[in-house]
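Reading through the structure tokens given below for one structure.
Every number here is computed from the coordinates shown, using simple stated rules; none is lab data. Note that the structure is a prediction, hence the values are computed from the model and not measured. All Cβ positions, glycine included, derive from the backbone under ideal geometry; neighbour counts span all protein chains shown.
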Amino acid sequence: MATPVQIKETSPNYAGNSSLDHPDQYEYGECSVTIGNNSMNTTSYACSSWSYDQTVFISTYVSEYNLVCDTELTSAYIQVIIHSGSMTGSFLQGFVTDRFGRKLVLCGSTVFAMLVGISSEFSPNIYVFTLLRFTQSLCSSCLYSTTFILGLELVGPSKRRWAGILINFFYSAGLILLSGIGYGFRDWKYIQIACSAPLTLFIVYWWIIPESPRWLISQGRYDEAYSIIRTIAKYNNSEDKLSLY
């Protein structure tokens, strides 16, 4: 996070003024400016603008909206709201996927997470930004949980353990990739776009990934379920093991 820098400078504005026998000293702290001289007369004023250390990041959300000093806790509140979106998504995911299906929720969450993620880069204020990031966190939670469930329901009982492990490999790989994105882009807006825009590629899942046969059977859609199961059996060279219903 970018932090304000402290600066101390001297201004020799005492010529012709007997009340100022010493030059004024300006000490810029993180939240205030102190003006004084060697006579120990000092006055402090609250800062109205800040200079930030750009050694690591050129621009952050904190530095762009000056969420420091009296508004320092605002960034923490935003984080709490964002993570509450993830919790909300975890609660809603089960009801939504059981009602509308795994495939629709997976692809729908992908599209919404991509749209609100890119839109948050153009948010006009912290309120819109927080709402968009809350929505993105909610969609991301639904996306992860639905992917996990669909992956397990498409394999047999003996393969479910490995399917669950492999899904989390990609989650860990995403975190590693995020560190690379943060190293390559030093502006929060570019990082936000770089993390959200690639979701566009996964829209093709709608034409690639089948619906869960287990969910289709629970909805009484037996013909669709059998068609998917037959396709899976074909790729596993086990069509002869299917029994007609």
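Once both labels are modelled 7 Å past Cα along the beta-carbon direction, what's the Arg230-Ser84 spacing in nm?
Between Arg230 and Ser84, the simple spin-label model gives 5.1 nm.
Apply the Debye scattering formula to the chain, with a single equal point scatterer on each alpha-carbon and no solvent, then give log10 I(q)/I(0) at q = 0.11, 0.13, 0.17 Å⁻¹.
So the normalised log intensities work out to -0.75, -0.92, -1.26.
Want the number for Asp70 to Trp50: 0.36 nm per residue separation, take away the alpha-carbon distance, what's left?
Between Asp70 and Trp50, full extension yields 5.9 nm more.
Using the alpha-carbon atoms, what tilt in degrees (0 to 90, nearest 10) does helix 160-184 show relative to the longest principal axis of the chain?
Tilt of helix 160-184: around 30 degrees.
Just to confirm my understanding: which cysteines in the chain have no other cysteine beta carbon less than 4.7 Å from their beta carbon?
Cysteines lacking a close Cβ partner in the chain: Cys47, Cys107, Cys139, Cys142, Cys195.
Quick check for the chain: number of Lys pairs with alpha-carbon distance under 27 Å, counting only pairs 8 or more apart or on different chains?
Pairs that pass both the separation and distance tests number 5.
Averaging sequence separations of C-alpha pairs under 8 Å and six or more residues apart, then dividing by the length of the chain, give the relative contact order as a whole percent.
17 percent
At q = 0.10, 0.16, 0.23 Å⁻¹, what base-10 log of I(q)/I(0) does the Debye formula yield for the range 142-223 when every alpha carbon is treated as an equal point scatterer in vacuo?
Once normalised to I(0) and log-transformed, intensities are -0.37, -0.78, -1.17.
I'd like the orientation of helix 102-119 relative to the chain: the angle between its Cα long axis and the longest Cα principal axis, in ° from 0 to 90, rounded to 10.
Roughly 20 degrees between the two axes.
I want the local charge near Ser59. Using Cβ-Cβ distances under 15 Å, sum +1 for each Lys or Arg and -1 for each Asp or Glu among the other residues.
-2
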